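Read-outs: derived from the displayed coordinates by stated rules, not from any lab. All values reported here derive from a predicted model rather than from experimental measurement. Cβ placement follows ideal geometry from the backbone for every residue including glycine, while neighbour counts extend to all protein chains displayed.
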Amino acid sequence: MPTVAEIITHLHHHAPPHLRMEGDPHGLLVGDADAEVSRLVVSLDVTPAVAKHAAETGAQLIIAHHPLIYQPLKRVVANEPHPGGVVLSCIRAGIAVACAHTNWDVAERGINDVLAELLGLADTKPVQVTYHDPIVNLVVFASEERRWRVWDAMVGAGAGHIPGSLYDRCAFWGTGTGTFRPMEGANPQIGAVGVSAFVTENRIETVMPSHLVPAVLAAVRAAHGYEEVAHQIVPLTNTGKEYGIGRVGTLAETITGGELLARVQTALDFDAVRMVGDSGKPVRTVAVGGGACAFLLSDAIRHGADALVTSDVRHHEYVDAESRGILLLDAGHAQTETPGTRRLSELLAAALPGVAVDFL
Ligand SMILES: [Zn+2]
């Protein structure tokens, strides 16, 4: 049975924490990382009803999109409303609680990608870039004997692939002579203390997103065999992949605002979608933002969007959109984020064959 910590590793594979907005809670919020999990509940929120369902079905972990603890809690007291009372009932029932909030909004295949997919948008990109993944060049020197083992370990930790590229295991290899002299106290794999060694070595040069460097270096050290691993980390000015909030893309054909409204209602199975603007306006480029993303309006206009589909729209935002000629649709907070949360439960279920996964 996997532990809570192992499941959170899978969660972070899909929703990398470094993509979250600054200060946003992520990962384990309540419970024991070492507890074993046979049943998992995935939900948009950890409501009292979700916590009750988890307790009744014997689940040991709830993963929610919205963080159960968002602001510091002043009280954790029985029979009180969300969130303090829910925190206590989860602790009493031995249920851990984790979340993937803005990291799952931003992530590939996350909330916003699913929303764009449901509306039939193609060639999508973030409406607002929030994270620019820096690329580094890592150079490692390995002996002839260990080079394949070292390279496989590097690739296993994510080196040799730039997100978005269709090529992996990319590197440049060169062969040369490495030299070193072990000093007093050293325990060299090759050579002897006080004697210069000359060894045929491979220079393995590869690229990766900078956030992977610690994991790749740990893998190299485990596979390398040398007491000290010679390596160089070289920052590059090459542009890495851009991640961000919302998606803007194009429909397969031009439709009217009224048709877009109907499409959103059908796609999200929600009749109460509200739209401001001319229902006869031709629509081809559409921006989406799951949850409260009316703040993306100016960026959506900059990308040439004819409409922005989001939720929690306030009066002045409708007025702003109408005056700027862009359609603004309020499609419900839960309605715009539930499909992406369901997708997360499907991805976790596929990665965890021994764990029963409920989506609420
Ligand atoms: Zn939300």
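Here are some notes:
- Gyration tensor verdict on the range 4-101 (Cα atoms; rounded if a/c is under 1.5, prolate if a/b is larger than b/c, oblate otherwise): oblate
- Gyration tensor verdict on the range 55-194 (Cα atoms; rounded if a/c is under 1.5, prolate if a/b is larger than b/c, oblate otherwise): oblate
- Within the shell defined by Cβ-Cβ distances under 14 Å, the residues around Leu352 carry a net charge of -3, with Lys and Arg each +1 and Asp and Glu each -1.
- Under 29 Å of direct C-alpha separation, and excluding same-chain neighbours fewer than eight residues apart, Lys281 reaches these lysines: Lys125.
- Cα centroid of the range 79-96 to Cα centroid of the range 160-189, whole Å: 50
- Under a 5 Å amide H cut-off, with hydrogens placed 1.01 Å from N, Val357 pairs with Leu40 among residues at least 5 apart or on other chains.
- Relative contact order %, the chain, counting alpha carbon pairs below 8 Å whose residues are six or more apart: 20
- Structure remark: mean-square fluctuation, Gaussian network model of the chain, C-alpha springs under 10 Å; the largest value among His26, His13, His316 belongs to His316.
- Estimated purely from DSSP H runs of n ≥ 4, each contributing -39500 (n - 2.57), the mean residue ellipticity at 222 nm for the chain is -9000 deg cm²/dmol once divided by its residues.
- Net +/- balance of residues flanking Gln265 in space, Cβ distance below 14 Å, scoring K and R +1, D and E -1: -2
- Distant-in-sequence amide H partners of Gly290 (H built 1.01 Å from N, under 5 Å): Gly246
- Gaussian network model of the chain, Cα within-10 Å springs - most flexible of His333, His211, His12: His211
- Over the chain, the fraction of Cα-Cα pairs per 10 Å bin, rounded to whole percents and listed from the shortest bin up, is 5, 20, 23, 22, 16, 8, 4, 1, 0.
- Summarising the label geometry, the points placed 7 Å from Cα in the beta-carbon direction at Ala33 and Ala197 lie 3.5 nm from one another.
- Rh by Kirkwood over Cα pairs, then Stokes-Einstein D for the range 232-319 at 0.692 mPa s and 37 °C, µm²/s: 226
- Extension gain, Phe270 back to Phe295 (0.36 nm per residue minus Cα-Cα distance, nm): 6.7 nm
- Calculated from backbone phi, Karplus (6.51, -1.76, 1.60) coupling profile of the range 124-131 in Hz, x at Gly/Pro: 7, 8, x, 6, 10, 6, 10, 8
- The range 1-66-the range 317-343 distance, computed between alpha-carbon centres (Å): 27
- The share of Cα pairs per 10 Å bin across the range 161-295, counted from zero up to the longest distance, runs 8, 24, 18, 14, 13, 10, 8, 5, 0 percent.
- Full extension of the chain segment joining Thr239 with Asp168 gains 23.8 nm, where the gain is 0.36 nm per residue of separation less the Cα-Cα distance.
- Largest GNM mean-square fluctuation among Leu261, Leu73, Leu328, using the chain with Cα springs under 10 Å: Leu73.
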